[in-house]
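Peer 1: The structure that follows is given in the form of structure tokens.
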Amino acid sequence: MIKLYIMKKKIHKNSLQSFIILCFAILFTSCHQNDVPKADKVFLNGKIYTVNETQPWAEAVAIKKNKIVFVGSADEAKKWIGNTTEKVDLNGKMMLPGFVSGHDHLISSNWMKAGVSLFSAKSKEDYLKLIKDYADTHPDEPIVFGYGWNKDTYGGWPTAAELDQVVSDRPAMIFDFTIHDMWFNTKGLAAGGVTKDTEDTVPGMSYWRRKKDGSPEGVGVEIIWLDAFIKAGAWDPDKMMKESQEILYNKAASCGLTSVINQGLITPNLMNLKRYKEDMKYSFELLDSLDKAGELKLRTFQNYVYKNADFDVDEFVNDALLLKSKYDSDRLRLSGIKIHPEGNWNSNTSLMLENYKNIDSKGMSGVGKEKLLEMHLKANKNGLDVHVHVDGTATTRYTIDAIEASRKKGYQARNVLQHYFWTHPEDHKRVLDMKIPVNTTPLFGSDWGGQAKDAYAYLGEYRVNNYFMKYTELPVENGHNVSISADVPSSPVNLLDPLFSLEGAVTLKDPQNEESIKFPPTQTPMQIVQAIKAITIFPAWQARMEDKIGTIEVGKYADFVILDKNVFEVGLRDIADIKINATIMGGKYTFKKENHKSISHVKLTEPNVFLPIELGCCEHGQHHQH
């Protein structure tokens with residue numbers, strides 16, 4: 001009996017010790033788990049392409065406040081889920097980093113898209129009928145506006161007399177498809193104060209087309225019409241800028257954009273420094289008020305546009321620095337300076353090294369190579385990057401010269417060639433050797449709007465095959481920085497979607513036209529992986545934000561876009577038709593669709609969400625309906 005008692009006592013003692021050890025283990029584990037921070041949102045079960053080369057794919061992402069705290073497998077993500085964590089089951093849908101535009105004008109430019117769209121016209125008669133029908137059905141509008149005419153589709157330069165045939169009772173002002181030229185009727189010219197004595201800003205580049213007696217014929221080329229637009233009472237900045245910003249930012253969010261390099265505030269005051277300063281000031285105040293209210297839907301990095309060579313460079317740089325001192329956050333920033341020295345090649349107003357084929361001229365520049373050099377050196381010295389509109393071969397060469405001179409001074413600038421349309425082979429080699437970053441718009445290099453026909457007619461086959469749209473030859477796979485974007489408003493607003501540009505880059509075709517033919521015929525399209533970088537991490541680098549956006553990585557801002565299809569799994573000609581399910585910027589939805597059938601609740605007890613139904617997503621439509 002004594003032995004049995006002792007044995008029972010030992011058993012009891014050992015059990016007690018085991019129980020105590022178990023309690024401590026549970027307590028320690030519980031405390032350890034409680035130490036793991038819980039996420040505000042967790043996205044699960046997705047095909048997440050991170051654009052991070054060290055971890056290109058993931059199933060789940062967790063975010064806390066506005067930052068990414070976890071990227072990995074769905075199982076590993078569970079430790080980030082707490083009682084208040086919002087969970088979204090992506091149900092196999094694709095997530096990408098939030099799209100970044102390297103070149104659009106989204107703050108005020110929608111005023112250029114007022115009135116009747118003329119893109120469907122195929123002849124002079126079509127243009128005039130569309131304008132007449134619009135004017136007849138909008139009798140109370142004091143000025144008839146429109147946009148989208150092309151002089152080659154029209155059959156030559158349109159005239160005021162022709163526009164008078166369909167609108168004679170009030171002013172009419174119609175933008176061309178590039179938004180650089182404007183067509184007036186007689187009352188429009190009169191309202192704008194345009195007469196025989198009105199001087200041309202830069203003869204041959206920014207000028208009024210004239211009759212033999214010198215009186216205006218009806219078209220103002222390369223934004224010479226700005227003052228006339230203001231004098232006619234067509235510009236109301238407080239109303240038009242605010243309305244434009246709201247429309248374009250909502251559209252951008254619906255297209256998956258979370259950031260934009262706004263390549264210049266485009267207003268009719270562009271050529272008047274005093275008035276343009278006021279417009280810039282107002283634009284930043286408007287965006288800043290939205291940011292402070294938590295309503296700014298795009299990270300906005302705005303460049304200050306230099307187009308008038310009469311503007312003093314020192315004063316201009318100082319103005320930019322003053323704006324940067326006030327606005328320099330990760331959500332709103334004066335980023336740098338944009339130089340717009342010329343017009344467009346398809347109006348013969350870009351500066352070439354050799355004559356155009358269709359006229360005995362090399363084109364013109366409104367900002368000479370001396371000013372290009374001066375602006376680069378002074379801006380770069382003060383920490384401002386410079387982006388230059390380079391359309392013609394001569395402008396491209398002079399800009400490369402300026403970038404090279406800046407680098408020799410030791411300035412660490414990220415100067416970017418914008419458009420990169422026509423480049424002499426010798427200068428293309430310099431871009432390769434110096435690894436100069438580039439932005440372009442694939443649509444502008446396609447056969448959209450008759451541009452293939454124009455390219456052959458204006459520059460000839462040799463230059464088309466050897467000079468045009470060389471961006472696809474830049475080794476993106478080896479890190480050469482190339483971004484692609486829509487350049488709204490020169491592109492129609494409904495083509496803003498980065499996926500539209502992506503399809504254009506990987507096919508060299510117009511995504512909205514099933515009959516489109518690859519152009520230029522000698523170029524090789526980008527690969528999908530390259531093109532995704534061109535709408536994410538590469539423009540982020542151009543904005544000096546590559547350490548904060550552009551990829552899905554721990555520590556970066558929670559900027560994402562969720563697609564209804566996988567870009568790697570659809571046909572190349574179907575990429576532009578992929579829909580946006582949701583856009584998230586800084587951890588908050590800026591656009592989402594409700595009750596989307598492909599998104600399901602996570603079967604857990606914590607809060608769940610659906611990705612919402614369309615609230616007005618990017619409407620570039622199916623190919624045959626564009």
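Peer 1: Taking the residues in the range 75-94 that are closer than 30 Å to Val488 by Cβ and surrounded by fewer than 24 Cβ atoms within 10 Å (Cβ to Cβ) as candidates, determine which candidate is nearest to the chain's Cα centre (by Cα).
Peer 2: So the residue we want is Met94.
Peer 1: Sticking with this structure for a sec: Looking only at residues in the range 106-133 that are touching a Gly at 6+ places or on another chain (Cβ under 6 Å) and not in a helix (DSSP H, G or I), which one is modelled with the lowest pLDDT?
Peer 2: Phe119
Peer 1: Still on this structure: Working only within the range 60-88, note down all residues that are within 28 Å of Ala534 (Cα to Cα) and among the charged types (D, E, K, R).
Peer 2: Across the range 60-88, the qualifying residues are Lys64, Lys65, Lys67.
Peer 1: Kindly indicate whether Glu354 is in a helix (DSSP H, G or I), out of contact with any Leu (no Cβ under 8 Å at 6 or more places or on another chain), surrounded by fewer than 19 Cβ atoms within 10 Å (Cβ to Cβ) and not hydroxyl-bearing (Ser, Thr, Tyr).
Peer 2: Considered against the rule, which asks whether it is in a helix (DSSP H, G or I), out of contact with any Leu (no Cβ under 8 Å at 6 or more places or on another chain), surrounded by fewer than 19 Cβ atoms within 10 Å (Cβ to Cβ) and not hydroxyl-bearing (Ser, Thr, Tyr), Glu354 comes out as no.
Peer 1: For the range 520-531, give me each residue that is outside any loop (DSSP other than H, G, I, E, B) and crowded, with 23+ Cβ neighbours inside 10 Å.
Peer 2: The answer is Ala531, and nothing else.
Peer 1: Looking only at the range 372-384, which residues are touching a Ser or Thr at 6+ places or on another chain (Cβ under 9 Å) and surrounded by fewer than 24 Cβ atoms within 10 Å (Cβ to Cβ)?
Peer 2: Leu373, Leu377, Lys381, Leu384 - these are the residues of the range 372-384 that are touching a Ser or Thr at 6+ places or on another chain (Cβ under 9 Å) and surrounded by fewer than 24 Cβ atoms within 10 Å (Cβ to Cβ).
Peer 1: Within the range 246-275, which residues are of a type in the set (Ser, Thr, Tyr) and either part of a loop (DSSP other than H, G, I, E, B) or without any contact (Cβ under 8 Å) to a residue 24 or more places away in the chain (or both)?
Peer 2: Once the filter is applied, which keeps residues that are of a type in the set (Ser, Thr, Tyr) and either part of a loop (DSSP other than H, G, I, E, B) or without any contact (Cβ under 8 Å) to a residue 24 or more places away in the chain (or both), the range 246-275 yields only Thr267.
Peer 1: Has the range 96-108 got at least one residue that is crowded, with 23+ Cβ neighbours inside 10 Å, over 31 Å from the mean Cα position of the chain (by Cα), closer than 21 Å to Ala234 by Cα and not small (Gly, Ala, Ser)?
Peer 2: No, there is no match, as no residue in the range 96-108 is crowded, with 23+ Cβ neighbours inside 10 Å, over 31 Å from the mean Cα position of the chain (by Cα), closer than 21 Å to Ala234 by Cα and not small (Gly, Ala, Ser).
Peer 1: Let me ask something else about it. Only one of Asp433, Asp427 is surrounded by fewer than 19 Cβ atoms within 10 Å (Cβ to Cβ) and closer than 24 Å to Gly479 by Cα; which?
Peer 2: Just a single option satisfies the conditions, and that option is Asp433.
Peer 1: If you go through the range 384-399 one residue at a time, how many are within 23 Å of the chain's Cα centre (by Cα) and either in a strand (DSSP E or B) or not acidic (Asp, Glu) (or both)?
Peer 2: Total meeting the criteria: 11.
Peer 1: Return yes when Asn481 is farther than 19 Å from Gly256 by Cα and of a type outside the set (Lys, Arg) and no when it is not.
Peer 2: Here the answer is yes, as Asn481 does meet what is asked.
Peer 1: Identify, from the list Asp136, Asp152, the residue that is modelled with pLDDT of 95 or more and either farther than 22 Å from Phe444 by Cβ or part of a helix (DSSP H, G or I) (or both).
Peer 2: On inspection, the qualifying residue turns out to be Asp136.
Quick grid of which residues meet (1) surrounded by fewer than 18 Cβ atoms within 10 Å (Cβ to Cβ); (2) among the small types (Gly, Ala, Ser); (3) part of a strand (DSSP E or B):
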site: Gly220; (1), (2), (3): no, yes, yes
site: Ala234; (1), (2), (3): no, yes, no
site: Glu243; (1), (2), (3): yes, no, no
site: Glu285; (1), (2), (3): yes, no, no
site: Leu290; (1), (2), (3): no, no, no
site: Gln302; (1), (2), (3): no, no, yes
site: Asp319; (1), (2), (3): no, no, no
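Peer 1: What number goes with the only condition from (1) among the hydrophobic types (A, V, I, L, M, F, W, C); (2) out of contact with any helix residue (DSSP H, G or I) (no Cβ under 9 Å at 6 or more places or on another chain); (3) surrounded by 24 or more Cβ atoms within 10 Å (Cβ to Cβ) that Val416 does not pass?
Peer 2: Failing condition for Val416: (2).
Peer 1: Residues in the range 481-501: is at least one on the phi > 0 side of the Ramachandran plot and buried (at least 22 other Cβ atoms within 10 Å of the Cβ)?
Peer 2: Yes, there is a match, as at least one residue in the range 481-501 is on the phi > 0 side of the Ramachandran plot and buried (at least 22 other Cβ atoms within 10 Å of the Cβ).
Peer 1: Okay, moving on. Pairs needed: first member in the range 429-441, under 12 Å from Leu417 (Cβ atoms); second member anywhere, among the charged types (D, E, K, R); C-beta distance under 7 Å; at least 6 residues apart or different chains.
Peer 2: Filtered contacts from the range 429-441: Met434/Glu404; Pro437/Arg414.
Peer 1: How many residues, within the range 442-461, are without any contact (Cβ under 8 Å) to a residue 40 or more places away in the chain and among the hydroxyl-bearing types (Ser, Thr, Tyr)?
Peer 2: Of the residues in the range 442-461, 1 are without any contact (Cβ under 8 Å) to a residue 40 or more places away in the chain and among the hydroxyl-bearing types (Ser, Thr, Tyr).
Peer 1: Tally the residues that are free of Cβ contacts under 8 Å to residues at least 12 places away in the same chain and basic (Lys, Arg), restricting the search to the range 402-419.
Peer 2: Total satisfying the criteria: 1.
Residue-by-condition table, conditions (1) under 22 Å from Glu295 (Cα atoms); (2) assigned by TED's automatic domain parsing to the domain that holds Ala74; (3) modelled with pLDDT of 95 or more:
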{"residue": "Phe568", "(1), (2), (3)": "no, yes, yes"}
{"residue": "Asp577", "(1), (2), (3)": "no, yes, yes"}
{"residue": "Ala582", "(1), (2), (3)": "yes, yes, yes"}
{"residue": "Gly587", "(1), (2), (3)": "yes, yes, yes"}
{"residue": "Ser598", "(1), (2), (3)": "no, yes, no"}
{"residue": "Lys603", "(1), (2), (3)": "no, yes, no"}
{"residue": "Leu611", "(1), (2), (3)": "yes, yes, no"}
{"residue": "Gly616", "(1), (2), (3)": "yes, yes, no"}
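Peer 1: Residues of the range 562-580 being farther than 18 Å from Thr507 by Cα and β-branched (Val, Ile, Thr), which ones?
Peer 2: The answer is Ile562, Ile580.
Peer 1: Now for a separate question. Give Tyr411, Tyr356 a once-over and let me know the one that is modelled with pLDDT of 95 or more and touching a Phe, Trp or Tyr at 6+ places or on another chain (Cβ under 7 Å).
Peer 2: So the residue among Tyr411, Tyr356 that is modelled with pLDDT of 95 or more and touching a Phe, Trp or Tyr at 6+ places or on another chain (Cβ under 7 Å) is Tyr356.
Peer 1: With (1) assigned to a helix (DSSP H, G or I); (2) more than 16 Å from the chain's Cα centre (by Cα) as the list, and Val71 as the residue in question, which single condition is left unmet?
Peer 2: (1)
Peer 1: Still on this structure: Among the numbered criteria (1) closer than 27 Å to Pro539 by Cβ; (2) buried (at least 18 other Cβ atoms within 10 Å of the Cβ), which one does Ile247 miss?
Peer 2: Going through (1) closer than 27 Å to Pro539 by Cβ; (2) buried (at least 18 other Cβ atoms within 10 Å of the Cβ) one by one, Ile247 breaks only (2).
Peer 1: A follow-up question, please. Could you list all residues from the range 207-245 that are among the hydroxyl-bearing types (Ser, Thr, Tyr) and under 23 Å from Ile107 (Cβ atoms)?
Peer 2: Within the range 207-245, Ser244 is the sole residue that qualifies.
The values are calculated or read from the model by the stated rules, or taken from the named source; none is laboratory data. The shown structure was predicted, so the numbers you read here are calculated from the model rather than taken from an experiment. Note that we place each Cβ from the backbone using ideal geometry, even for glycine, and neighbour counts take in every protein chain shown.
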